[in-house]
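*Asks:* Below are the structure tokens for one structure; questions will follow.
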Amino acid sequence: MILYHYTTAVGLHDIVASRSLWTSHYRFLNDTSEFLHGWKIVLDAIDRRGAEIRDISSLAWQTVALFRQHSREIHGFVGSLTSEGDLLSQWRGYNRGQGFSIGFSADWLLQNAAPRTLISRRSSMTQSNSERRLTRR
């Protein structure tokens, strides 16, 4: 399957030049509600499976408890991909239709999204926004 990322000419240049895909901390998105909704689904699933987790391992349950306690401090990073490579709504959002739709193999993305390939960097573009990038090695 191919997943597409819509971007501007500058974005395309930066992706090619750095051989990297960047993601942004969810708090710097225009609309954080989708991320927070997904996060609530994760926390609800943990709540539903709480007894099962406790039965499996007290250490696992302690880890979940710490996770819950600090869930508001989560550092989630978000990148936008779609299976639709030709969406009018996306074309309108990028340089009035002058942007680019870049296709990536979903298998390649999964193989290269391992923690060893995520590099934490500070962005000079947005208020000390921590960003992560997926780099082809």
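*Asks:* Where in segment 69-84 is the amide nitrogen less than 18 Å from a point lying 7 Å along the Cα-to-Cβ axis of LEU43?
*Replies:* Answer for segment 69-84: 69-77.
*Asks:* Counting pairs of alpha carbon atoms under 8 Å apart in space and at least six apart in sequence, what relative contact order in percent does segment 13-122 give?
*Replies:* Relative CO of segment 13-122 lands at 26 percent.
*Asks:* Still on this model: Determine, from the Cβ-Cβ distance of ARG27 and LEU87 and an R0 of 30 Å, the FRET efficiency 1/(1 + (r/R0)^6), rounded to the nearest 0.05.
*Replies:* E between ARG27 and LEU87, to the nearest 0.05, is 0.70.
Every read-out reported here was derived from the displayed coordinates using simple, explicitly stated rules and does not represent laboratory data. Quick caveat: nothing in here was measured; it's all calculated off a predicted structure. We place every Cβ from the backbone using ideal geometry, glycine too, and count neighbours over all the protein chains shown.
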